[in-house]
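Below is one structure, written out as structure tokens; the observations come after it.
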Amino acid sequence: MRNLKIIKVEQDFKSIKAQASVILVINNNLKKIGNEKLFKTFGYKGEGGFFDQENSTFYYGISDLNADSLREAGCMIVRFFNQLNFTNFKIHCYGDEAMMEAFCLGILLGQYQFDFYKSQKKSFALKEVFLSQEHIDGKKVDFPSVESLEKAKILANAICSVRDVVNMAPQEANPEYLASWAQKVAKDTKISCKIYDKKGIQKEKMGAFLAVNRASVFEPRLIHLSYVPKKPKARIVLVGKGLTYDCGGLSLKPSDFMVTMKADKSGGCAVIGILQAVAMLKLPVEVHGIVGATENMIGGDAYKPDDVLISREGKSIEVKNTDAEGRLVLADCLSYAQDLKPDYLIDFATLTGACVVGLGEYTSGIMGYNESLKERFEKVALRSGELVARLPFNRHLEKLIESKVADVSNISSSRYGGAITAGIFLGAFIRKEYREKWLHIDIAGPAYVEKDWDINTYGGSGAGVRAGLEFICDVISGE
Ligand code: BES
Ligand code: ZN
Ligand code: ZN
């Protein structure tokens, strides 16, 4: 992906010299394109791709002209060319600025592959995509702007870095690795990064976070990235669950459920990716990224069901299930985050299987106490191309995390509504003055991809990065 260049060309489509052409078929409108005889001969009805070899023209069908379908189309077109040896292709501009930005993001992510552990690495012949500044209707256009192109590039880079780290084997991508990645991002983008080791986390009195780490051979890390521009419009604090491996602890996961749990660091990785993008874009807003990085392992020193932990907020937690560990790490990280006095506080976490059961594997859950903030996040996330849905708290579910021996229990007493009760657990650690400023995003479904969908391919997806960045941009435009 890092080698693929998108180049705007101030020429009409025909006069651009390219090895291949790409034409979108919108809503099966083959008539408008002409060439009907050819389509008929080959039985192409306007869905999916069709390659006219004689004219080196690739047709790709989309059902509607909008940002979502263009993003996906960009990705699919590049994936088609990845199998061939063309070094470039040309295409018209479609839709508007936002649609072309989405299209460019799809193009760039079309060459994402994780081949870190492969001895034979595939390289792609396709190096350039020419965007004709002639609209499909023959009019001249002046989009995508340089800014949109740059934003797509920065976003694609951030998503690819997040995917790479999520995809890395857990023995390698351990808490120390996450910390050194964050430090590298900080160095490259000239922002600051503070890393707390075990001693530092002890000093912070993060009793819940530390308990989760106990059986791991790797020490925990608390990562604090800060991007502080001059005259920021608002202060946003992002918190991420960085479980570099979650075997469930003593409440051990069954083998089939343990596979892919290297991806339990996806929320933390997304937060680091968002900070990278924010810093690269030089946005006029203060953003902090807090990541609690640890493993949840098994062993003689493991924390156990029946343990009572004292969190950083001072609340005691009865452990009833050591597999509900993410909320323990997040409780302490959210406590730390509130000390930064945020205007907006958002956590990203692969928190519950229940969220995946409820919403399906493509959709993240939005939770919190502020209805209009949830609505706003939903709107901007959907605009960014991520699927999200709101999950409602209620007073009956609130009661389910009551504990007989401590202030709160780490699991619900009911087996229903697990995504929401996990959110409510986090809410118990949010101080009154931040309740309306806080959102919890459960990305357990879309964070890890088992079967290609949309612009996502097998492995980490980078879920949360687009939505988070779009929310930050929305805050800037609204303040
Ligand atoms: N990391 C898991 C949640 C998860 C499950 C993420 C599937 C991605 C895919 C989390 O730590 C966990 O194990 N949650 C438990 C909570 C339960 C013990 C209350 C779950 O969802 O089963
Ligand atoms: Zn777990
Ligand atoms: Zn987990």
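The values are calculated or read from the model by the stated rules, or taken from the named source; none is laboratory data. No experiment lies behind these values; they were computed from the predicted model shown. Reconstructed Cβ throughout: ideal geometry from the backbone, glycine too, with neighbour counts over all protein chains shown. Note: accessible area is taken over every heavy atom of the protein model, side chains too, but ligands, DNA and RNA are not part of it. Shrake-Rupley method; radii C 1.70, N 1.55, O 1.52, S 1.80 Å.
Brief remarks on what is shown
- Dipole check for the range 1-113: with +1 at the C-beta of Lys and Arg, -1 at the C-beta of Asp and Glu, and the Cα centre as origin, the magnitude is about 340 Debye.
- Neighbour net charge for residue 182 - beta-carbon separation under 13 angstrom, K R +1, D E -1: +3
- As a ratio to 2.2 N^0.38 Å, the alpha-carbon radius of gyration for the range 60-127 is 1.21.
- Residues of the range 143-284: accessible area per residue with a 1.4 Å probe, Å²: 41 Å²
- Debye intensity ratio I(q)/I(0), log10, the range 161-228, q values 0.15, 0.20, 0.21, 0.26 Å⁻¹ (C-alpha model): -0.54, -0.89, -0.95, -1.16
- Each peptide among 270-282, 447-459 gets the average number of other Cβ atoms lying within 10 Å of its residues, and from highest to lowest they stand as 270-282, 447-459.
- Over the range 382-479: Rg over Rh, Cα atoms, Kirkwood Rh: 1.04
- If you take all other residues with their beta carbon under 13 Å from the beta carbon of residue 124, and give Lys and Arg +1 and Asp and Glu -1, the sum is +4.
- More than 22 angstrom apart: percent of Cα pairs within the range 245-318: 47 percent
- Relative to the longest principal axis of the Cα atoms of the chain, helix 97-109 runs at roughly 80 degrees.
- Apportionment of accessible area to carbon and sulfur, the range 236-365, percent (1.4 Å): 55 percent
- Sorted on the mean count of surrounding Cβ atoms within 10 Å across their residues, most packed first, peptides 212-224, 106-118 read 212-224, 106-118.
- Evaluated on the range 180-290, the Kirkwood hydrodynamic radius is 15.3 Å, with distances taken between all distinct Cα atoms.
- Cα-Cα over 30 Å, subset of 45/139; 32/151; 233/399: 32/151; 233/399
- Shape index of the range 300-361: Rg/Rh, with Rg the Cα radius of gyration and Rh the Kirkwood radius from the inverse mean 1/r over Cα pairs, equals 1.04.
- Total formal charge among the other residues, if their Cβ is under 13 angstrom from that of residue 279, Lys/Arg +1 and Asp/Glu -1: +2
- Using the Cα coordinates of the range 15-142, the gyration tensor eigenvalues translate into equivalent-ellipsoid semi-axes of 24, 18, 14 Å, sorted from longest to shortest.
- Helix content alone sets the calculated 222 nm mean residue ellipticity of the chain: runs of n ≥ 4 DSSP H residues at -39500 (n - 2.57) each, divided across all residues, give -10500 deg cm²/dmol.
- With the charge dipole of the chain set up from +1 on Lys and Arg Cβ and -1 on Asp and Glu Cβ about the Cα centre, the Cα lying farthest toward the positive end among the listed residues 322, 352, 102 is that of 102.
- Tilt relative to the chain, helix 266-281 - C-alpha long axis, 0 to 90 degrees, to 10: 60 degrees
- A dipole drawn for the chain from +1 and -1 charges on Cβ atoms has a positive end, and of 46, 471, 60 the residue lying farthest that way is 471.
- Centroid-to-centroid separation of the range 258-322 and the range 138-183 [C-alpha atoms, Å]: 21 Å
- Helix 465-478 and the long axis of the chain differ in direction by around 90°, with both axes built from C-alpha atoms.
- Note that the chain carries a Kirkwood radius of 23.3 Å, evaluated over its alpha carbons pair by pair.
- Cβ charges +1 (Lys, Arg) and -1 (Asp, Glu), total dipole of the chain, debye: 700 debye
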